[in-house]
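**Q** I'd like to ask some things about the structure below.
What follows is calculated from the coordinates using simple rules that are stated; it is not laboratory data. On a predicted model such as this, the values are computed, not experimentally measured, just so you know. All Cβ positions, even for glycine, are placed from backbone atoms using ideal geometry, and neighbour counts span all protein chains on display.
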Amino acid sequence: MPDPTPSEKPRRAIPALRTLRCLRRGPDPPNTAIVTEQILLSTSDALVRILTLAPEEDGQWHRHSEIDDCVVCLRGAIRLESSDPDESIVLQPGEQARVDVGRRHRVSNPSSQTSSYVLVQGPGRYDFLTDQSLPQP
């Protein structure tokens, strides 16, 4: 039987939003804030998500052993910080930046408004290595 034409293919529902916990900056011990995540694509070697950050919210410093991150700002402002060497860039809607595999980085919202971005990760197996999860010298 031939494949259905594009108009005959069944439509899939948009994935539901789920909540994640991120660190919120401030003088107090780190507390958590809620951020939403919508998975657009998840395969064995690629992950595409839309993430929404609360005002002045910081993500956790981390790195990936196999994948690059591509960040595309959708709304508000997104700060992408990385180390080795230290760099910081603030993306506005429509702007993008890439973090190479193995480079320590984090994403944050430097503004007083909610921000969102598309995160494209791959190719390769996804992992999230924090400083605490890395072998210590």
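**Q** Less than 13 Å Cβ to Cβ from residue 104, Lys/Arg counted +1 and Asp/Glu -1: what total charge do the surrounding residues give? Kindly include the intermediate steps, with their values, before the conclusion.
**A** Numbers: positive: 63, 103, 106; negative: 69, 81, 84, 86, 87, 100, 131.
Charge balance near residue 104 sits at -4.
**Q** How do 126, 117 rank when sorted from fewest to most other Cβ atoms within 10 Å of their own Cβ?
**A** Working: 126 16, 117 25.
So the ranking, lowest neighbour count to highest, is 126, 117.
**Q** Report, to two decimal places, the Cα Rg of the range 38-96 normalised by 2.2 N^0.38 Å (N = number of residues). Walk me through the intermediate numbers first.
**A** Values: Rg = 12.5 Å, N = 59, 2.2 N^0.38 = 10.4 Å.
Rg over 2.2 N^0.38 Å, computed on Cα atoms: 1.21.
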